[in-house]
Each structure stands twice: as C-alpha cells, then as structure tokens.
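The values are calculated or read from the model by the stated rules, or taken from the named source; none is laboratory data. All figures in this text were calculated on a predicted structure; none of them were measured in a lab. Glycine also receives a Cβ, built like all others from the backbone with ideal geometry; neighbour counts cover every protein chain displayed. When the accessible area is computed, the model is the full protein with side chains, heavy atoms only, and any ligands, DNA or RNA have been set aside. Shrake-Rupley method; radii C 1.70, N 1.55, O 1.52, S 1.80 Å.
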Amino acid sequence: MKRRLAGMLAAVLTAGTLLAGCSGEQNKKEAGSYTMQAYQDGSMLAYSQGKGLDGRFRKAMRRAFANEQLALTDEKFTEDNRGNTSYQYLINNQPAQNITLHVFTSRPERVSRITDWYGGIELAETSGARTEVYNKDNTSLVYTSMGKEKGKYSKKVKDLFSGLLEHLGTHAH
C-alpha cells in the first residue's frame, strides 16, 4: 500500500512539474501578446513573405523596374522607433545607383522627415551625386546616383516613380 501511495505521489508530482513547465511557457507566450514582441514578430513575418500593403507595393515596384531591365537588388530594410519604414535597393547591383522607398506613419511625418533628411527639395545635385525625391501622401521614393554615372537612370526612374505613385492608393498604406 505504501509503495502504491508513493508511486501515485511520484506520478502526481511529475505531472504537476510538467504542467507547471507548460503553463510557464504559455504565460511567456501570453505576455508577448501584450507587448510589442507579437507585433514585431508578425511584422517581420509579413515583411519576409512580401505580404501586407507595403509588400504589394514593393512587388509592384520591383516588377515595374524589371520590365525596364532595371533589377532592384540587395534589399535592405529598416524601421525606426516611430513606425516609419525604409527599404533600400541597388539598381542592377551598382552601388552608385540606388533607390530608397520610405513609408511613414503619416503625411506630416513624411514632410518633416524628408525635409530633415533631404532638405525638402525634389532635386539636389553636387559635382559627385544627384538625389531625386518623389512624394505622395505618406510615401517617398528617392533615387540617388553618384560618380561618373550620376543621373544614369533619371528619366526611367522619374517615369517609373510617377506611375507607381499614381497608383499608390491601391498599394501602400
């Protein structure tokens, strides 16, 4: 009888330990739901899968550039603590030719940040670099070219950006 009671007690303690471990893990997962962790995990998953409104716009942008034999390569992604997101690409793997897509949380945020970063002007040119900024609503598209091939794709980029921004309401947030 004592052995049976001891065995039963051991089984209950083992089961209790296992259940406590599971509920501890569940508590961590539940706590993540009330923090930014769940949001960040979901945002990164949507980003990596190219889903969401930004993802559709980026796909349309890559497709439009590819149709003009301008491959957008070496994508980089950053997000600041305000929720603004930037995507940067090289054109045809050329470090002196790049495109940046900025998606801001609001139009006023875009106006403020673009003014800070680019001086609020649509075209800035020096002897070594050229930057063209195109804006609509909460989105900015920026083409930067440098060196001997400064402005190499200006005409094509302007046409592509204009078309993309015209259809922005159906793609980006």
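Couple of notes before you dig in:
- Residues of region 69-119 satisfying the condition of being under 15 Å from the mean Cα position of the chain (by Cα) and open to solvent by 50 Å² or more (accessible area, probe 1.4 Å): ASP74, GLU75, LYS76, PHE77, THR78, GLU79, ASN81, ARG82, GLN88, THR105
- Within region 144-163, tally of residues that are open to solvent by less than 50 Å² (accessible area, probe 1.4 Å) and under 25 Å from ASN67 (Cα atoms): 9
- Pair list, Cβ < 7 Å and 6+ apart or interchain, from region 87-106 residues that are more than 16 Å from THR131 (Cβ to Cβ) to residues that are in a strand (DSSP E or B) and of a type in the set (A, V, I, L, M): TYR87/LEU101
- Only strands (runs of 3 or more DSSP E) whose full extent lies in region 53-112 are considered here, and the ones with at least 1 residues that are out of contact with any Phe, Trp or Tyr (no Cβ under 8 Å at 6 or more places or on another chain) and farther than 27 Å from LYS150 by Cα are 72-79.
- Single residue of region 120-143 satisfying the filter (in contact with a strand residue (DSSP E or B) (Cβ under 9 Å, 6 or more places away or on another chain) and outside any strand (DSSP E or B)) that is most open to solvent (accessible area, probe 1.4 Å): GLU122
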